[in-house]
1. If we keep just the residues of the range A:226-258 that are more than 28 Å from the chain's Cα centre (by Cα) and at the interface with chain C (Cβ under 10 Å from one of its Cβ atoms), which is surrounded by the fewest Cβ atoms within 10 Å (Cβ to Cβ)?
2. Restricting the search to the range C:275-312, which residues are under 17 Å from the mean Cα position of the chain (by Cα) and among the aromatic types (Phe, Trp, Tyr)?
3. Exactly one of (1) within 14 Å of another protein chain (Cβ to nearest Cβ); (2) within 30 Å of A:Met538 (Cβ to Cβ) is unmet by A:Thr192. Its number?
4. Return the only residue of C:Val293, C:Val244, C:Val255, C:Val298 being facing another protein chain (nearest Cβ under 7 Å) and closer than 27 Å to B:Leu128 by Cα.
5. Could you tell me whether the range B:247-256 includes any residue that is in contact (Cβ under 8 Å) with a residue 40 or more places away in the chain, away from chain A (no Cβ under 12 Å) and surrounded by 24 or more Cβ atoms within 10 Å (Cβ to Cβ)?
6. Condition first: part of a loop (DSSP other than H, G, I, E, B) and either in contact with a Gly (Cβ under 7 Å, 6 or more places away or on another chain) or within 12 Å of chain C (Cβ to nearest Cβ) (or both). Can you find one or more residues in the range A:549-568 that meet it?
7. Out of (1) modelled with pLDDT under 90; (2) over 21 Å from A:Arg92 (Cβ atoms); (3) surrounded by 19 or more Cβ atoms within 10 Å (Cβ to Cβ), the odd one out for A:Ala148 is which?
8. Which one is nearest to C:Leu27 (Cα to Cα) among residues in the range C:301-316 that are facing chain B (nearest Cβ under 7 Å) and assigned to a loop (DSSP other than H, G, I, E, B)?
Amino acid sequence: MLDKELRSMIGQVKDGRMDRRAFIKRMAAVGLTAPLANQILALGGVAMAEGASTYKPTKRGGGGALKLLWWQGPTLLNPHFATGTKDQDGSRLFYEPLACWDPDGNMKLVLATEIPSIQNGLLAADGKSVTWKLKPGVKWHDGKPFSADDLVFTWQYAKDPATAAITIGVYRDITVEKIDDLTVKITFPKPTPFWADAFVGAGAGQILPKHLFADYIGSKSREAPTNLSPVGTGPYKFVEFKPGDLIRGVINPDYHMQNRPYFDSVEMKGGGDAVSAARAVIQTGEYDFGWNIQVEDDVLLRLEKGGKGKTVYAVGGDTEFIALNFTDPNVEVDGERSSMKTKHPLFSDPAVRKALSMLVDRDSVKKAIYGRAGRTTANFLNGPEKFVSKNTNWEFNIEKAAKMLDDAGWKPGADGIREKDGKKLKILYQTAINGPRQKTQAIVKQACQKAGIDVELKSVVASVFFSSDVANPDTYPKFYADIEMFQIPLSQPDPSQHMRRYLSTAVATKENKWQGTNFPRWVNKDYDAAINAADTEMDPVKRAALYIKANDLMWEDTVFIPVMHRLKVEAAANNLRPVISGWANETDNLFDWYREE
Amino acid sequence: MAGLTLASPSAERRVYSPWRETWRRYSRHKLAVVSAFLLLVLILAVLVGPFIWRVKIDEIDIVAGLQGPSLAHPFGTDDLGQDILARMIYGGRISLAVGLAAMLVSVFVGTLIGALAGMSRGALGHGLMWLTDLFLSLPQLPLLLLLIYLFRDGLKAAFGPEGGIFILIVLVIGGLRWMPVARLVRAQFLSIREKEFVEAARALGASPVRQVVRHILPNALGPVIIAGTIDVAAAIIAESTLSFLGLGFPPDTPTWGRLLYDAKDFLDIGPHWALFPGGAIFIAVVAINFIGDGLRDALDARRVI
Amino acid sequence: MSQYVLRRLLIAIPSLLGISAVLFFVLALAPGDPFSELATNPNVPPEVQAALRAKFGLDDPIYLRYVHWLNAMLHGDWGFSFVSRMDVDKLILQRLPTTLYVIGSAQILALLIAIPVGVYAATKPYSLFDQVANTLAFVGFSLPTFFTGILFILIFSVTLDWLPFVYTTDVKATGIHWVFEMIRQAIMPVAVLGLFQAASMTRFVRSAMLDVIRLDYITTARAKGLGQAKVIVKHVMRNAMIPVVTLIALQIPAVFGGAIVTEQIFRIPGIGSLLISSILSNDTPVVMAVTFVFACLVVLFNLIADILYGWLDPRISFR
């Protein structure tokens, strides 16, 4: 967008000629949310504002018990071993990062005192280092002081391959050094526009106490007794843990945030399914909060008539998409199907890809399945807002799709299925097993049939579909189907890791044991150039423009057909005031939760 | 005893051939006759139904979702507005075929293994009981995943997508449910083979096969028939869980069990959705069970009517 | 007899060894991955997932993994869960009391219903009582537990608000109130599971009774003037017990194995839910331990059933 204008406005704010509020208002007028305007300011050299808090209670405790219902119960409580977000959620009750993300994608300080910026000198102008100041006087639950040593230790712990931490990707390439007891400096090997990855958020940022883990680094990591009984700095102290079933905690009377937390104890119950979790919160009120309620909206609307609870939504950047295979899944070359040496027999014709995109009835999918939890979109990249393209569009039009196919020479055969040069428009459509996904499949299949495309549906158990098992043909990276549908969550308010997956160097092949992340096997030089440039581009406006360009290239080539921009859906008791961010784990802002009396 | 009674001609009673005798006894069991008729109607309905009720099974109309029974949709619609009657007719073929075929597989395998184990006094008996114990202890889910992984593509290639999957499902359901039958048959055999009439037959020089087929098996059939009739219901329901493993028919195939499963979350909004498939399963189960009861009474060698 | 039992126990050792080998191979060959959830986490590079597989020995040859497992098992080491990163025996022990309480009660309920109803129905075949009992039994086993469970929740929790439907091991009460709460929250799962099993068991009991009730010696006993009740209990039931004992011996190991669907619906932290979540996340050590214990129980109760056959029908001889 209006590059120059934005730049001059940032300058005005910097000099104090324009007030921050006015800037944010102007940005809102062009479609940018406040937090993103803030982020633009931060990267443009203006200090990032901390997210405002809506927390009302004026004293610590007194809120009784908080009963949380996670239908997938956490199975371990060491955040660096988490096999899923559920484990990060559980650990986050006790452990804390330096900062987290609030509902608007603003950074919110937890164990740090200042948000690093170029202005306050904590963020290097070249993007190669960031310095964090730690809150003084913070104590671990066992009374030991929290210090810079704990951060350095957490880094060493996570980056050691023998520890087998899942957060190794975040810590492997950076260097963390202690400046003094309350200051650490993180150095990056190259300019890093998104510097808020290590020690930030519940995903990778939770800090471990050195004094309890020091003896259990590397190959001894699994023996640490604290893997199952965490000692953190968080608002609640650990009481009990039964894997997959129950976590209990009590208030931390020495918590470092004023008047927090509100609840005297917390309980996280696991197991069951999403629908009955919604019932237990919304209909019977047995629980205060239900996590990740992926349920048809009709069902939720009906439950809400009961009146004890309601659904809560948070906007993030998760996109449910249909990916198209650019290689031929039915031909085996050198022991590998979907080989880069082949071209997809049908999708090599752009008209087929475009027509297919026109046959995905996003409005019906929204109406019948996602409802309030979805937004229709033409983009693969749907957040944060400043990275979202306004240049794209979508439509659902069976006649137009049919005409497009006609024009491209795909004529209906005797059985009503279109064909050209002896190739029939028959498509295998696979996805993971999950109610909403099977319904989406049905809706897409029907439209395709009307346009003369035959669709065979296939669904694979999630644990197989998302497996890295080299021997299994049904995994999504192998992509032995024509199209496949799922989502890859965008777990932080920045698209860099997300978009890097589709570089042409990252194609999943037999040679790299299908560990490549580019499963559509789409190769585009312009895309590669844009992504690589964005990776080190420190100018926030130019960087956003690069990601928008990358998204538009995907759209032009119909690499992905975005089905739905999905929102987080949670269930909460009517009087509970949960703080949920689309950019963070559900428990990331737990210290700000309270109950309206 | 039984054979004697049958063979002794009395002045008032006509002698029937064994098959007619069986039918004569069966037909006295009114519920069984009605049930056989009911089952026939069900089978006819799912076979002929599509030619009479010509609504498409996958015609989506979201506006008309979750409607109760009406003239346009006698059984109502599901949440995507698809016609439940059409789906039930289509799915009924699969459900009934899977239920009956899987039951036959499990009863046949179970009876065979149980009979062999019950007659054998040596290593064979131990071996077969070991096999039964093994199958009882196998966790079904990983086994199913393994089977899909190993055989799906091969069977698909050999018998076509529908036929291949049908064979796989029947074999899987039947193949994982024969163990209770085998144990029951063996237990019956252990007891019956020591009874006087079997000993008498043995003393008269009846071969082991003749002992089993003519004397022991007919007396051991009671639990087998019960297990078989229960298995039909279990197989219809098991089929629906298989499609959640990607093993069953494609996810859009509306079998009865699958319809019931899909309907469960809408039970308070659209009870009709669950009511019809649930009712269909129930009717099929009742019919098959009464037929089983009738057969049992008819085949019971000891009962004289 | 004791010699027979001893010999059977000795045979049980190699047969369990064989079962364990087959189990292990099935589990190891079954597709899936304990770290599949990491696949879409952008922070986790694929090579990390591969390194984890290597660390937990998932890439070793299967026979080697089996030998390791067997060796550890013989030393009393049940293994180490990939997913929870804790010892498997601890995980199982944590869940055992709840499983025994809920699933055990359901089995007892099933027996308490099935045996009297089946016996009484058989004494008056095709009477009104028999017809009603049969029909209810048909309803019972034609409706799957996933369905009846939700129906119960809708009636007793949502509409009537009598019972809680989330089972918790952390009941916040003491003394008699604790007992009361424990019973209250178990009512629905026990009823759902117990009735489902009672349905088929009733049919078996009725059929087994009918088989015996028409035999000559029963008629003889009746003719001798023995009372109806006495005939039923002393003569008919004892002989009809063989199929029933078989069924019970089949069911008891299931008390340990848990009930996957029912546990899922009511969020009961039993072994069934541990097993299913471990299977879905391919946590082989946990699945292996649970199924192996289950296999031991299957073999043991098969043996017990055989011994009981001999007691019920002294003519059954074992050599």
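The values are calculated or read from the model by the stated rules, or taken from the named source; none is laboratory data. It should be emphasised that the depicted structure is a prediction, and the values quoted were computed from it without experimental measurement. Here Cβ is always computed from backbone atoms with ideal geometry, including for glycine, and neighbour counts include all displayed protein chains.
1. Taking the candidates together, the pick is A:Glu240.
2. Scanning the range C:275-312 gives C:Phe292, C:Phe294, C:Phe301.
3. All conditions are met except number (1).
4. None of the other options fit; the residue is C:Val298.
5. yes
6. no
7. (1)
8. Per the stated criteria, the residue is C:Ile316.
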